[in-house]
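The values are calculated or read from the model by the stated rules, or taken from the named source; none is laboratory data. Note that the coordinates shown come from a computational prediction; the quantities given were computed from them, not determined experimentally. Virtual Cβ from ideal backbone geometry, glycine too; neighbours counted across all protein chains shown.
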Amino acid sequence: MSSDWKFFLDACHETFDDNQLFEDYARRFSFGTDASFYRLVPKLVVKISDENQLAQLFGLAQQFNVPLTLRAAGTSLSGQAVTDSVLVLLRAHWNQIKILEAGNKITLQPGVIGADANKALSPLNRKIGPDQASINTCKIGGIVANNASGMCCGTAHNSYNTLAGIRIMFADGSVLDTRDPTNVACFRLTHQHLLAELETLGNLTKKTFNWLKKFSINIESRILPVTASML
Ligand SMILES: Cc1cc2nc3c(=O)[nH]c(=O)nc-3n(C[C@H](O)[C@H](O)[C@H](O)COP(=O)(O)OP(=O)(O)OC[C@H]3O[C@@H](n4cnc5c(N)ncnc54)[C@H](O)[C@@H]3O)c2cc1C
C-alpha cells in the first residue's frame with residue numbers, strides 16, 4: 001500500500017460516514033462489475049450524498065494523486081465504469097425530475113433512470129432524445145457522459161445534440177452551470193488556461209481534418225471485402 005493511498009484512505013474516513021465507504025471485497029467486486037468484458041476491482045467504493053461531498057472527494061483525490069471513476073448504472077460496454085482505483089457512486093436521492101416549458105425541456109439529476117424521465121414526459125407526448133436499448137436501467141450521468149444514442153435517435157437526437165445546458169463539477173471542485181451567464185462569465189475568468197488549451201486542441205482537430213478524411217476512406221476500403229465474404 002503506497003503512503004499516498006494510506007493517507008487518502010485515512011482522509012476519506014475522516015471526511016465521510018462509514019456507511020459511505022465500501023472496503024470489503026464482496027461489495028468492491030460487485031459494484032466494480034459493469035456490462036463490459038473488462039474486470040477491474042476498485043480499491044475503494046465511495047457513495048456521495050451531495051455536491052459538497054463530491055468537491056471534498058475531488059480535493060482529496062488531487063491532494064493524494066488518486067484517480068476517481070464515476071459510475072451510474074454500469075451498463076457501459078467498453079469498460080468506462082470500471083477501475084482499480086476509487087469508484088464513485090451517487091446515493092439514491094440524486095433523482096430529481098423537473099419538467100419545463102410544457103415538456104419542451106426537462107431538468108434531470110444524474111441518478112435519474114432514462115425510462116423514468118420518459119415516463120414523466122409521456123403525458124405530454126414527449127421523450128428524451130437518446131433511446132438506447134439499455135434505457136430501462138441506465139442513468140442520466142452515464143447517458144450524458146457516454147453521449148448515448150440509440151436505434152431511432154441516431155446522431156440527430158443523441159445526448160450531446162439534445163442538451164440545452166449542463167451543470168458540471170470539474171476535478172478542481174469548481175462548478176460550471178452553462179445555463180447561468182454569470183457563472184459562465186466567472187468560469188471564463190477563473191479557467192482561462194484550461195479554455196485556451198481546449199481552444200488549441202479544437203484548432204488542432206480542425207487542422208487534422210484531412211486525416212479524418214483519410215481515415216474514413218481506409219474504413220470504406222476495409223468494409224468492402226468483409227461485405228463480399230458475407231455474401
Ligand atoms: C443491452 C445494452 C444495450 C445498449 N444499447 C445502447 C444503445 O442503443 N446506445 C448507446 O449509446 N449505448 C447503449 N448501451 C451502452 C450503455 O448502456 C449506454 O451508453 C448508457 O447510457 C450508459 O449509462 P450508465 O448509466 O450505465 O452509465 P455507466 O456505464 O455507469 O457510466 C458511463 C460513463 O459515464 C460516466 N459517468 C457516470 N455517471 C457520471 C456522472 N454523474 N458524472 C460524470 N460522469 C459520469 C462513467 O464514468 C462512465 O465513463 C447499451 C448497453 C447494454 C448493456
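In the range 94-122, what residues are over 20 Å from Thr137 (Cα atoms) and acidic (Asp, Glu)?
Within the range 94-122, the subset over 20 Å from Thr137 (Cα atoms) is 99-105.
Within the range 94-122, just Glu101 meets the criteria.
Inside the range 138-154, can you point out the residues that are within 6 Å of the ligand (Cβ to nearest atom) and outside any loop (DSSP other than H, G, I, E, B)?
Across the range 138-154, the qualifying residues are Lys139, Gly141, Gly142, Ile143, Ala145.
For the range 121-137, how many residues are over 21 Å from Val82 (Cα atoms) and either among the acidic types (Asp, Glu) or more than 7 Å from the ligand (Cβ to nearest atom) (or both)? Give the steps one after another, and end with the answer.
Within the range 121-137, the first condition is being over 21 Å from Val82 (Cα atoms), and the residues that meet it are 121-131.
If we keep only those that are either among the acidic types (Asp, Glu) or more than 7 Å from the ligand (Cβ to nearest atom) (or both) too, we end up with 121-129, 131.
Residues flagged as over 21 Å from Val82 (Cα atoms) and either among the acidic types (Asp, Glu) or more than 7 Å from the ligand (Cβ to nearest atom) (or both) within the range 121-137 amount to 10.
Considering (1) within 16 Å of Asn147 (Cα to Cα); (2) more than 18 Å from the chain's Cα centre (by Cα), say which one Val112 fails and leave the rest.
Val112 satisfies all of (1) within 16 Å of Asn147 (Cα to Cα); (2) more than 18 Å from the chain's Cα centre (by Cα) except (2).
Tally time: how many residues in the range 48-73 are within 12 Å of the ligand (Cβ to nearest atom) and more than 16 Å from Phe8 (Cβ to Cβ)? Lay out the reasoning, then the answer.
First, pick out the residues of the range 48-73 that are within 12 Å of the ligand (Cβ to nearest atom): 48, 51, 54, 58, 67-73.
Now narrow it down to the ones that are more than 16 Å from Phe8 (Cβ to Cβ): 51, 70-73.
Qualifying residue count for the region: 5.
Is the range 178-185 home to any residue that is without any contact (Cβ under 8 Å) to a residue 12 or more places away in the chain and of a type in the set (A, V, I, L, M, F, W, C)?
So the first thing to find is which residues in the range 178-185 are without any contact (Cβ under 8 Å) to a residue 12 or more places away in the chain, and the list is 180-185.
Going one step further and asking which of them are of a type in the set (A, V, I, L, M, F, W, C), we end up with 184-185.
Checking the range 178-185: at least one residue is without any contact (Cβ under 8 Å) to a residue 12 or more places away in the chain and of a type in the set (A, V, I, L, M, F, W, C).
Are any residues in the range 133-164 modelled with pLDDT of 95 or more and exposed (fewer than 12 other Cβ atoms within 10 Å of the Cβ), and if so, which ones?
Matches in the range 133-164: Ala133 only.
Evaluate the following for Thr83: is it within 8 Å of the ligand (Cβ to nearest atom), touching a strand residue (DSSP E or B) at 6+ places or on another chain (Cβ under 7 Å) and hydroxyl-bearing (Ser, Thr, Tyr)? Before you say what the answer is, go through the steps one by one.
Numbers: within 8 Å of the ligand (Cβ to nearest atom): no; touching a strand residue (DSSP E or B) at 6+ places or on another chain (Cβ under 7 Å): yes; hydroxyl-bearing (Ser, Thr, Tyr): yes.
Answer is no for this residue.
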